[in-house]
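Bear in mind that the values in this text are calculations on the coordinates, not laboratory data. A quick note: this is a predicted structure, and the numbers were derived from the prediction, not measured. Don't worry about glycine lacking a Cβ; one is built from the backbone with ideal geometry, like all the others, and counts go over all protein chains shown.
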Amino acid sequence: MSDNLFYVLIFLCTLFFLQPYFLNSYADEPILISISSGLENIIFDGKWSNNIEWKHSSDNYLEYEDGTKIHLRTAHQGNFIYVHINVVTDMIINKGTDSAIVCFDTKNDKTVMPSSDDYCFSTALDRKNSFTYQGSSIHAINGHFKKIPNHKDFIAIGSASDKYDRYNKTPHASYEFKIPLELLGRSDNYGFYISVFDGNSQNHYSWPIDIKKQSLTSISSPSTWGDLVSPDKSLPEFNFSILLYFLIPLMLTFTIITKFNLFKTSILNN
């Protein structure tokens, strides 16, 4: 076997091992959630209540083809994940119709059908009630999610953010979530999805942004969700399972090449 053919085979083997990663890659970069302090002082009224309320959180700017803009803020502190969905361009307030939903795939296994480790949390603008849904194949609504009792410490509320807002002081749709880790479990990488419904335009706006097919009564399949990565772990910006996809084939390649070179050297010496 020639050296060139040997290295081509090694390259093809490496691609074979990396194939699952490339097939499951997403266009959207992961949302990097920050650890913070002071979040216990957030006033849950659905909006910026003062100039510094959500300052110590990660800010992800989302912009859509029709000009809609969202500032998605995430953070975690103690036993909670905090999410703020600030729809800065939605200045036509539709109380009870404008709404938002936040979903977590706690095992991040990207299943096509929702399972019991998948949770969604929803609220509507100026509505008193918010809801929790869990993946289920029976007695399910919202695309195979069933409504379950809210955790006692769960909070979600939507309102019109205004004079203290960092991005737009004209009243516009905004949503705040306080989600207990007791329900989600602790992880450095969750599957993650949000969807906002604009009651005026009747449009949905999601993250990942490339999720197109949505309706009022369905939640996108967890297989299409992105990643919410926590900086608490030693590899905050990189899923360990993805790292293994790279390390294993590279280690195998190095081992094979080393043994092959030793074998050639042994033959030459003899």
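For region 133-210, the relative contact order is 17 percent, taking Cα pairs closer than 8 Å that sit 6 or more residues apart in sequence and dividing their mean separation by the residue count. Assuming a viscosity of 0.692 mPa s and a temperature of 37 °C, what translational diffusion coefficient in µm² per second does Stokes-Einstein assign to region 83-159, Rh being the Kirkwood radius over Cα pairs? It comes out at roughly 243 µm²/s. Translational diffusion coefficient of region 31-229 (Stokes-Einstein, Kirkwood radius from Cα pairs, 25 °C, 0.890 mPa s): 148 µm²/s. Taking label points 7 Å from Cα along the Cα-to-Cβ direction, residue 95 and residue 37 give a separation of 4.0 nm.
You can think of it this way: the chain between residue 109 and residue 129 has 4.2 nm of extra reach, that is 0.36 nm per residue less the Cα-Cα gap.
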